[in-house]
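The structure appears below as structure tokens.
The values are calculated or read from the model by the stated rules, or taken from the named source; none is laboratory data. None of these values were measured; they are calculated from a predicted model. Reconstructed Cβ throughout: ideal geometry from the backbone, glycine too, with neighbour counts over all protein chains shown.
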Amino acid sequence: MKPLNKILINNDTSFNPIWIMRQAGRYLPEFRKIRKENPNFINLCLNENLSSEITLQPIRRFNLDAAIIFSDILMLPYGLGQKVEFVKDFGPKLGELNLNYIDKVSEIDFVQKIDPVYKAIQKVSSDPILNNKNTIGFIGAPWTLLVYMINQQSPKRNLKKGFFEDKILINRILLIIEKFLKVHIKNQVDSGANIIQIFDSWAGLLEEKDLPNYIYTPTLNLVNYVKSLNIPVICFPREIKNYKKFCEIIRPDAISIDYNVDPKEIVKTIKIPVQGGMNPKILLSDKETLKKEASKYLDIFKDHPYIFNLGHGVLPETDPNMFEYLVNTVKNY
């Protein structure tokens, strides 16, 4: 059984596998070289040779237990025909949302448009280097995708004025998002992904009263769908106020926590496997601080099924040597 599955399926507490969000990417010189030659981010994600190569770069370099496909949650709106581009020093920028158009997109057209993502997963999962490692596919959660599609850019704590006004529009878009996320999940699994992670990057924007409609119901539908494919699912509802309630309602196979959460509270209140938690900024400090902070999480979760990860993605200015030191610290714990 592959390392993460021992935790996700068997609730093993005898070891801690490690993979890191954004492990394939910006802090690695070999990635920067490819990125420099390929300035269009969407085209890079849709180049199955390069995206599979980028996915495997950290696996060749470090003793990690899983590869996560180099792609983006915004492949969904892109596949639905909404314009998506990544602007330097700004982030994602989306075009106007034409509901009449996306309402008519067929599953075949959607799959065709982002098919290189699935081909990259096939390449990665069949690579001999991944012999005993997991291949992680992923999606954005419905709420986070809704935010990007209506807001047309990262909300960074600010949603468009009148964001919630057109409830009919919002509910129609949520249904379309959910339908095509299932298609996206199924194709990733069929291509070799043996874990799915659901990223809800903007879960923290919502008030308690809005959670059932925007997070609990649509995310639960997707979690149940992934489980119906006999694949474990990890949820990352970043900065949600109540992780315990989220886990009780959604029942993922593991919960990924952000760095603003007290891990001691989590280990007391959450029964399912836990992933993540450490602040990515710790990797910018020194080895002593890094070892102390990593060990803190490993100590807290020593009797609880735990996958080591960060509370958010690895930062671009991270030194690969510090990254390696972190992996070795976890492996030697």
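For this structure, a couple of remarks:
- Residue pairs meeting the criteria (Cβ under 9 Å; at least 6 apart or on separate chains; first closer than 24 Å to residue 255 by Cα and at pLDDT 95 or above, in segment 126-141; second part of a loop (DSSP other than H, G, I, E, B) and of a type in the set (Ser, Thr, Tyr)): 135/191; 137/71; 137/191; 138/71; 140/201; 141/201
- When residue 70 is tested against (1) aromatic (Phe, Trp, Tyr); (2) touching a Cys at 6+ places or on another chain (Cβ under 9 Å); (3) not in a loop (DSSP other than H, G, I, E, B), only condition (3) is not met.
- Close pairs from segment 17-29: first under 17 Å from residue 258 (Cβ atoms), partner part of a loop (DSSP other than H, G, I, E, B), Cβ under 6 Å, at least 6 apart: 19/64; 19/65; 20/309; 20/314; 21/313; 22/313; 22/314
- Subset of segment 209-224 (residues that are of a type in the set (Val, Ile, Thr) and either on the phi > 0 side of the Ramachandran plot or out of contact with any helix residue (DSSP H, G or I) (no Cβ under 8 Å at 6 or more places or on another chain) (or both)): 217
- Criterion applied to 194, 224 was being at pLDDT 95 or above, of a type outside the set (Lys, Arg) and farther than 19 Å from residue 70 by Cα, and the one residue passing it is 224.
- For segment 313-333, the set of residues classified as surrounded by fewer than 19 Cβ atoms within 10 Å (Cβ to Cβ), of a type outside the set (D, E, K, R) and farther than 14 Å from residue 64 by Cβ consists of 313, 315, 316, 321, 322, 332, 333, listed by residue number.
- With respect to the conditions (1) surrounded by fewer than 18 Cβ atoms within 10 Å (Cβ to Cβ); (2) within 21 Å of residue 239 (Cα to Cα); (3) touching a residue at least 12 places away in the same chain (Cβ under 8 Å), residue 309 lacks only one, and its number is (1).
- For residue 218: the one exception among (1) free of Cβ contacts under 8 Å to residues at least 60 places away in the same chain; (2) assigned to a helix (DSSP H, G or I): (1)
So that you can scan it fast, the table gives a plain yes or no per residue for (1) surrounded by fewer than 22 Cβ atoms within 10 Å (Cβ to Cβ); (2) in contact with a helix residue (DSSP H, G or I) (Cβ under 6 Å, 6 or more places away or on another chain):
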residue	(1), (2)
69	no, yes
77	no, yes
90	yes, no
103	yes, no
108	yes, no
113	yes, yes
116	yes, yes
124	no, yes
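- From the list 300, 240, the one residue that fits, being in contact (Cβ under 8 Å) with a residue 12 or more places away in the chain, over 25 Å from residue 6 (Cβ atoms) and more than 15 Å from the chain's Cα centre (by Cα), is 240.
- Restricted to helices (runs of 4 or more DSSP H) entirely inside segment 1-58, those with at least 1 residues that are surrounded by fewer than 17 Cβ atoms within 10 Å (Cβ to Cβ) and among the basic types (Lys, Arg) are 29-37.
The rows are residues; the columns are (1) in contact (Cβ under 8 Å) with a residue 12 or more places away in the chain; (2) under 17 Å from residue 323 (Cβ atoms); (3) in contact with a Lys or Arg (Cβ under 8 Å, 6 or more places away or on another chain); (4) loosely packed, with under 15 Cβ neighbours inside 10 Å.
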position	(1), (2), (3), (4)
257	yes, no, no, no
263	yes, no, yes, no
272	yes, no, yes, no
279	yes, yes, no, no
284	yes, yes, no, yes
287	yes, yes, no, yes
290	yes, yes, no, no
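- Applying the set (1) polar (S, T, N, Q); (2) free of Cβ contacts under 8 Å to residues at least 60 places away in the same chain; (3) surrounded by 15 or more Cβ atoms within 10 Å (Cβ to Cβ) to residue 82 leaves exactly one unmet item: (2).
- Taking segment 136-171 as the range and being in contact with an Asp or Glu (Cβ under 9 Å, 6 or more places away or on another chain) and either over 19 Å from residue 82 (Cβ atoms) or surrounded by fewer than 16 Cβ atoms within 10 Å (Cβ to Cβ) (or both) as the test, only 164 passes.
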